[in-house]
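Before any comments, here is the structure.
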Amino acid sequence: MTVADQPILTAYGVVKTFGGLRAVDVDKLEIQRNKITALIGPNGAGKTTFFNLLTGFDQVDSGEITFDGAVITGTAPHRLAAKGMVRTFQLTKALAKLSTIENMKLGALDQRGEKFWAALFPSSWTKQEQAIEARADAILQRFNLTGMRDEYAGTMSGGQRKLLEMARALMTDPRLVMLDEPMAGVNPALAQSLLELIKLLPGEGRTVIFVEHNMDVVQEIADWVIVMAEGRIIAQGTPTEVKSNKTVIDAYLGAHHGEDLSQVDLA
Amino acid sequence: MDWGFILERSFSAMIGPEVVVYALAAVGLNVHFGYTGLMNFGQVGFMAAGAYGVGVSVFWLGWNFWVGIVFAFVYAGVLALLLGLPTLRLRADYLSLVTIAASETIRLLARSRVMQPITGGVEGVNQFAGPFYDLSPFELGKFYSFGPFKYLGRDVWVLLVGWTLLIMITLMVRQVMRSPWGRTLRAIREDEDAARALGKNVYFYKMQSLMFGGMIGAVAGVLQVIQKSSVQADTFNPVITFTIWTILIIGGPGRVWSPIVGASIYWTLIVFVENTLRQLPPGLRATLEDSIQLSDFNIAMLRFILVGGGLLLLARFRPQGIFGSREEMALDRR
């Protein structure tokens, strides 16, 4: 098997419980490289918890997670970012009192000026800072945010914040981009451009995993769909396969949707 | 009423030793709270660490004064490390609890009978600042006047050294806060998880911030006890911490010059109100003494009440402080 065929991210036997609730119980998950994978499921299915486990923001009770062939179970989130795995959040985390360009520059890894002693001597980092700024401006351009460059991120609309968060994530030059509900609260016009931007990522050698509710969005951009319900993976396949899967429809709409309730044997 | 005297005192307070000491402590707190969002309610503990660091090492251990000063900074840094280790991984409130408890522990321990052989107990430590004053180009006991300002020679020397340090440290803070290091601190203040997701070791940065600001607090403590020529445990009570917070809020947190301007406004007001109350015309004074018991002791209390009233007005009409931006303030409410 060549590297290209190996899954970039795997999770085996991953369990997370909160008190008596088994929030996540995933036997096997394998994410294909340079593809867009959607993680869908009804509310409370454990998608975000699973996301937090994969990105190191929460710890598994048992199980093993690997990224690019290396075990990453229990690794701190900032180390994962350094390894090439970046995430965004369901509730957008634009850093309100930093300007848009500052938000962007923050995303760059291995900055010399981020060391305290180096900070005192700008000559040791200004050149790198300029390179980072140029890269940030290029990405802002692509995300159509150049107009907001020097404004506080806190003045952006909800949709722009989603764009900024994704743009900022790209500043880490990730191989795996994990987007938690990137379309939530984004107006349809902006959502379309966000989708186009996501579609470009596999071509740049980046794998995308995203959590989503909207099946239309999933149909449009996902190569592969994983369906979760009650903490488990109940189905996976191409968008078309999943759409017609009875288990999935039942999980989303209830087993008896569309039936006359008086005729249903609820026992 | 002797307005000339009141104004002379007020002007001298404007850039006096208290301003330098409190501004330095507030620069440290600004690093913690203004830039990193750390809720340190024990800044006075770092001042005490600096004060006892130099006082005890020189007076009791017989160390060279300058070595004692270096020790004071190292000691404050170690204190910050010890306080940060268990708390900086937890939610913000834990740091507040631990810092306020630690600052009181330091004070109570220093004044306790058990520690008397080392800290001098309630009597404290003195006779350690000689080498500092030996270098003074001014006559220690003589009064010097510069325009409306008037100080004893020893204070002129303290002020010269103190302001130099204060300006240098403020410029240093400005420099590091403009760097990527400072940007990361501000990002942590806004949202720790976002910084973490972008590969920043949040715990490490918060620790650096706590140590840096704590050591600046120690500079304030060292300067204070040099000026007083004695270390007294009870001068390091929690009220000092809250005064430092007041000063930072007057100036506006997260702004480079806020600590200096905040401290200057605070002390000018306090001294102006106190001296005005003491200088009231005899008739009015007698009436006030009878009606609201305006004794000398109560004047000391009343000045805090009046300054508190001023703060309320500030909070109502300029909540962002002198230097803060209303625009940034508005972002918090979105």
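Looking only at region A:1-57, count how many residues are assigned to a loop (DSSP other than H, G, I, E, B) and under 21 Å from B:Ala197 (Cβ atoms).
First, the residues of region A:1-57 that are assigned to a loop (DSSP other than H, G, I, E, B): A:1-2, A:6-8, A:19-20, A:32-35, A:41-46, A:55-57.
The next check asks that each one be under 21 Å from B:Ala197 (Cβ atoms); those that pass are A:8, A:46, A:55-57.
Of the residues in that region, 5 qualify.
Take region B:166-179 and flag every residue that is touching a residue at least 24 places away in the same chain (Cβ under 8 Å) and either more than 9 Å from chain A (Cβ to nearest Cβ) or of a type in the set (Lys, Arg) (or both). B:Leu166, B:Ile169, B:Thr170, B:Val173, B:Arg174, listed by residue number.
Counting the residues of region A:74-90 that are touching a helix residue (DSSP H, G or I) at 6+ places or on another chain (Cβ under 9 Å), in a loop (DSSP other than H, G, I, E, B) and without any contact (Cβ under 8 Å) to a residue 60 or more places away in the chain gives 2. Screening the candidates B:Val31, B:Val74 for the property of being assigned to a helix (DSSP H, G or I) and crowded, with 24+ Cβ neighbours inside 10 Å yields one hit, B:Val31. Checked against the criterion of being in a loop (DSSP other than H, G, I, E, B), over 21 Å from the mean Cα position of the chain (by Cα) and within 14 Å of chain A (Cβ to nearest Cβ), the candidates B:Gly182, B:Gly141, B:Gly199 yield just one match: B:Gly199.
Scanning region A:74-81 finds one or more residues that are assigned by TED's automatic domain parsing to the domain that holds A:Lys16, surrounded by fewer than 21 Cβ atoms within 10 Å (Cβ to Cβ) and more than 18 Å from B:Ala194 (Cα to Cα).
Residue-by-condition table, conditions (1) at pLDDT 95 or above; (2) outside any helix (DSSP H, G or I); (3) facing another protein chain (nearest Cβ under 10 Å); (4) crowded, with 19+ Cβ neighbours inside 10 Å:
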site	(1), (2), (3), (4)
A:Asn103	yes, no, yes, yes
A:Gln128	yes, no, yes, no
A:Ala131	yes, no, no, no
A:Ala134	yes, no, no, no
A:Asp137	yes, no, no, no
A:Leu140	yes, no, no, yes
A:Gly159	no, no, no, yes
A:Lys162	no, no, no, yes
A:Arg168	yes, no, yes, yes
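Contact map, region A:235-253: first residue more than 18 Å from A:Ala45 (Cα to Cα) and in the same structural domain as A:Ile40 (by TED's automatic domain parsing), second residue modelled with pLDDT of 85 or more and assigned to a helix (DSSP H, G or I), Cβ cut-off under 7 Å, separation 6 or more or different chains; pairs are A:Pro239/A:Val218; A:Pro239/A:Gln219. With respect to (1) assigned to a helix (DSSP H, G or I); (2) in contact with a helix residue (DSSP H, G or I) (Cβ under 8 Å, 6 or more places away or on another chain); (3) hydrophobic (A, V, I, L, M, F, W, C), the lone exception for B:Phe297 is condition (2).
The values are calculated or read from the model by the stated rules, or taken from the named source; none is laboratory data. Predicted, not measured: the structure shown is a model, and the values here were computed from it. Because the Cβ atoms are built from the backbone with ideal geometry, glycine has one as well, and the counts that use them run over all protein chains shown.
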